[in-house]
Structure formats: C-alpha cells, structure tokens
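These notes concern the structure reproduced below.
Bear in mind these aren't lab numbers, they're just calculated from the coordinates by the rules spelled out. Worth saying up front: this structure is predicted, and the values here are computed from it rather than measured. Note that each Cβ is placed from the backbone with ideal geometry, even for glycine, and that neighbours are counted across all protein chains shown.
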Amino acid sequence: SLIHYKQIILQISTQIIHFQIFFLPQNLCYSRMVKGAMQLWLRAIFTLLIVLITEGHPVDITYLQSAVAKGAVCLDGSPPAYHFDKGFGAGVNNWLIQLEGGAWCNNATTCLERTKTRLGSSKLMLKTVSFSGILSNKAEFNPDFYNWNRIRIKYCDGSSFTGDVAAADPKTKVFYRGARIFSAVMEDFLAKGMKNAQNAILAGCSAGSLAAILHCDRFKGLLPPDAKVKCLSDAGFFINTQTISGTSHIEQFYSEVVNTHGSAKNLPQSCTSRLKPGLCFFPQNVAQQIQTPLFLVNAAYDSWQIKHILAPEVADPHGTWRNCKLDILNCSSTQLQTMQAFRSEFLKALNSLGPSSTRGYYINSCYTHCQTGTQETWLMDDSLVLSGTTIAKAVGDWYYERKRFQEIDCPYPCNKTCF
C-alpha cells in the first residue's frame with residue numbers, strides 16, 4: 001500500500017539524516033565524498049514520496065505458476081511475474097506492456113548472485129508496485145494511454161529476455177530461460193484478451209528497453225494483422241564505445257552475456273547473419289532492420305552508460321570519475337569534454353540507423369536514465385521538454401500519427417528544463 005511505501009521512505013530518510021548529523025562532523029575526511037550522495041538520496045526520496053502520494057497507484061503482483069511446467073522460470077527456478085492493471089472504457093482492447101530493466105549477468109558467478117535478489121527470484125519481488133508515468137491510470141497524467149491494459153513484466157532472467165539453455169547449471173542450479181519467460185507471459189496475455197488487441201505497444205526501461213527492441217517484430221507477429229502495433233525504447237540505446245581507458249569493456253561484457261545465456265538463437269536473425277551474436281545486443285546493429293515502428297527515448301548523456309560503459313570502475317581504478325558520475329555538476333571541464341565526445345559517439349550510432357518515416361526519437365541532454373515510467377519526467381507541469389514538447393506528447397503524437405517527432409537536444413547544459 002501507499003502507506004507502507006511512505007513508512008519505508010520515511011525510515012530511510014531518518015537514517016540518512018542521522019548519518020549526516022552525527023557521523024559526518026566527526027569524520028570530515030569522508031564528508032566531501034558522501035555529501036553529494038546524501039543530497040541526491042534525500043532529493044530522490046522526497047520526489048518519490050510526492051509521486052506516490054499524488055500520482056502513483058498501487059498494482060499487485062501476479063505469479064505465472066503455469067509457466068514453470070514450460071521451463072519459463074527466473075534464474076533461481078521461481079515462476080515469472082508481472083503487475084497487470086486492466087484497461088477500461090475505450091481502452092479495453094488496447095495493450096501497453098512494459099518490460100522491467102535491471103542490467104544483466106554475464107557469467108555463472110554474477111547470475112548466481114542475482115538469485116539472491118528480486119532480479120533473479122520472484123520470491124524476493126515487491127508484492128505491490130506503484131504505476132505512474134506511461135503506466136498511470138489518470139487522464140491528466142497519461143492522456144493517450146491511461147485506460148489501456150497496462151502491464152509491467154518483472155525482470156528476473158538477466159538476459160533482456162533472450163536466454164534459453166535447456167538444462168540448469170549443474171553447479172549453481174541457475175536457469176537461463178529469459179526467452180521462455182517472454183513467450184510464456186505473452187501466451188498468458190493473449191489468453192486474457194490481447195488476441196483481440198486493436199492497439200498495442202511493447203515498451204521497456206533500460207535492459208527491458210533493449211528487450212523491447214530485440215523482441216519488437218516478434219511481438220507484432222503475435223497480434224492481429226490489423227492491429228496498430230509499435231515499440232517504445234526508453235534508455236535502451238546502449239552504444240558500442242570504448243571506456244576512458246581505451247578498452248572495449250561493454251562489447252566483451254555483452255559477448256559474455258550472450259554466451260552464458262545461450263541468447264544467439266533468440267536475437268534478430270537479420271543481425272546474427274551478419275555479425276557476431278554479442279554485437280547484436282547493440283541496438284545500433286539491430287534497429288535498422290526492425291520492420292515495426294520504433295520510438296527511442298534516450299538521454300544523450302545517459303547516466304547508466306556514463307557510469308558503466310564510458311567510465312566503469314574497471315577503467316577508473318583510482319575513482320577519479322566517482323563524483324562526476326554521481327552528479328554531472330561535479331564533473332571537471334576535462335570530464336565534461338569526454339562526456340561531450342560520448343554524446344557525439346551516441347549520435348553517430350543513432351544516425352547510422354539511417355532515415356525512417358516510422359521511427360521516432362526524443363534525445364534530450366539530461367543526465368538521467370529511464371524517463372517514461374516516472375511522472376515527473378513523463379508529464380507534469382514542470383516536466384522537461386524538448387522543442388517545447390514533453391515526452392508524453394511526443395510519444396502519443398508518434399503513436400497515433402498526429403505528428404512525427406524526431407528531435408535531438410542541443411549539448412549540455414543548454415536544456416534548462418533538465419532536473
């Protein structure tokens with residue numbers, strides 16, 4: 001319930017405040033290191049509390065027990081799960097499915113570690129989550145999709161729903177079955193009425209957003225031929241670029257993910273027929289061949305990519321980028337130049353897709369990651385805008401073909417609506 005969420009948030013806030021008051025004055029050498037983190041935590045907690053009180057609405061979890069017999073299970077063997085808020089009124093035959101994010105695991109050790117978290121076991125997932133942003137059921141906060149069937153599929157496979165290894169790992173007892181989870185939940189939704197869909201969107205955040213790209217055409221193939229089907233990627237356009245130390249960290253990592261999960265057979269054949277499977281985890285190598293209309297929402301300075309692709313800890317052993325990654329306002333002029341170069345690489349990868357009349361994109365200059373599922377970035381009075389347009393309006397106009405939207409923001413720090 002919302003009361004439960006508020007209690008948890010207030011408890012965390014109290015602990016952080018106590019830490020600031022009693023610990024920092026006695027340990028001044030740590031003060032600069034943690035001050036920014038504390039401020040961001042408090043700001044995020046306050047914002048989340050406001051959103052939960054005013055815009056979000058709670059949706060209970062559904063465990064798909066029938067999927068276990070099909071081998072469609074989380075890393076620990078538990079059943080997949082989702083949160084389903086049924087459509088109403090004119091939206092009863094419209095479906096918006098959001099794939100949850102949460103990065104990836106790339107080997108037996110990291111995947112085993114995830115079984116002890118909600119990202120590897122449905123036993124550890126929250127029973128209730130708050131729907132807001134593109135999942136909101138209120139017309140004032142989500143005018144184009146508020147009355148659709150809105151679903152968030154939980155992420156517990158670590159492979160962007162692409163893995164399928166027949167047997168569990170004999171040593172760790174870990175299952176690699178992400179692709180089976182995708183198929184099982186889709187079958188369930190079809191039986192629940194999606195077979196009659198008139199409109200449908202496959203969306204996602206982060207690793208779930210990558211999954212929305214990789215499964216986009218497959219999703220369209222499941223639905224009636226006369227249905228309007230499109231895909232929405234939020235913070236899923238991960239690019240293949242080098243780290244600050246000149247290494248190809250993300251390329252190697254993705255290759256390990258694909259090999260560990262047996263993902264190759266579930267990646268778009270239009271890519272795997274040309275490139276090594278690991279390279280087909282990069283949207284820049286896949287999106288051009290996707291036939292289904294696709295909209296890309298992304299920050300050109302995507303905070304996850306800056307932290308884990310450009311300046312991962314392995315490439316920054318002395319932690320010189322730690323404060324910068326925490327808050328872009330802490331970045332030195334040299335670090336900002338490096339981030340501007342990252343933006344150039346990002347736009348180069350985006351432009352390599354070539355022109356498309358059905359593809360849309362909203363590339364802003366905020367330092368953030370995932371923007372459609374949070375009310376403050378999706379649609380509020382003071383939401384960020386690009387070309388005078390909120391993300392909600394841009395996506396809605398694109399989906400209903402009221403207006404094409406293909407806009408790229410000017411370089412940081414020009415957009416003053418960014419938080």
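Remark: segment 334-346, residue by residue, has Karplus-estimated 3J(HN,Hα) of 5, 5, 5, 4, 5, 6, 5, 5, 4, 4, 4, 5, 4 Hz, where x stands for each Gly or Pro and the curve is 6.51 cos²θ - 1.76 cosθ + 1.60 at θ = phi - 60°.
Contact order normalised by length for the chain, with contacts defined as Cα pairs under 8 Å and 6 or more residues apart; what percent is it?
On the way: 817 pairs, mean separation 61.0, N = 419.
Over the chain, the number comes to 15 percent.
Taking a ≥ b ≥ c as the square roots of the eigenvalues of the alpha carbon gyration tensor, segment 311-389 is oblate, as a/c is not under 1.5 and a/b does not beat b/c. In this structure the amide hydrogen of F295, modeled in the peptide plane, comes within under 5 Å of the amide hydrogens of C231, L232, S233, G360, none closer than 5 places in sequence on its chain. Computed on segment 316-355, the Cα convex hull volume stands at 83 Å³ per residue. Estimate the FRET efficiency between D327 and R274 by the formula 1/(1 + (r/R0)^6), using the beta-carbon distance for r and 51 Å for R0, to the nearest 0.05. So, using R0 = 51 Å, E works out to roughly 0.80. Result for the chain in a Gaussian network model with C-alpha springs under 10 Å: among S255, S130, S356, the largest mean-square fluctuation is at S356.
Whole number please: convex hull volume per residue of the Cα set in the chain, in Å³? Looking at the chain, the number lands at 148 Å³ per residue. With a cut-off of at most 11 other beta carbons within 10 Å, and DSSP calling the residue loop, which trypsin sites (Lys or Arg not before Pro) in segment 325-419 qualify? Please list them. Passing sites in segment 325-419 are R402, K416.
In order along segment 317-323, the Karplus-derived 3J(HN,Hα) couplings, from 6.51 cos²θ - 1.76 cosθ + 1.60 at θ = phi - 60°, round to x, 9, x, 5, 9, 4, 5 Hz, and Gly and Pro are given as x.
Using the beta-carbon distance between Q291 and K70 and R0 = 35 Å, what value does 1/(1 + (r/R0)^6) give for FRET efficiency, to the nearest 0.05? All intermediate terms of the calculation are to be shown ahead of the outcome.
Working: r = 28 Å, r/R0 = 0.79.
Step by step, r from the Cβ atoms, then E = 0.80.
Summarising the overall dimensions of segment 41-192 from its C-alpha atoms, the Rg and Dmax are 16.6, 52 angstrom.
Based on the Cβ-Cβ distance of D397 and T417, what FRET efficiency does E = 1/(1 + (r/R0)^6) give at R0 = 22 Å, to the nearest 0.05?
0.75
Direction-averaged projected area, Cα convex hull, segment 263-419: 10.6 nm², rounded to one decimal. Two numbers describe the Cα atoms of segment 226-355: Rg and Dmax, which are 16.1, 56 Å. With both residues required to sit in the chain, DSSP beta bridges show an antiparallel share near 30%. Each Cα pair of segment 110-242 feeds into the Kirkwood radius, which the Stokes-Einstein equation turns, at 20 °C and 1.002 mPa s, into a diffusion coefficient of 131 µm²/s.
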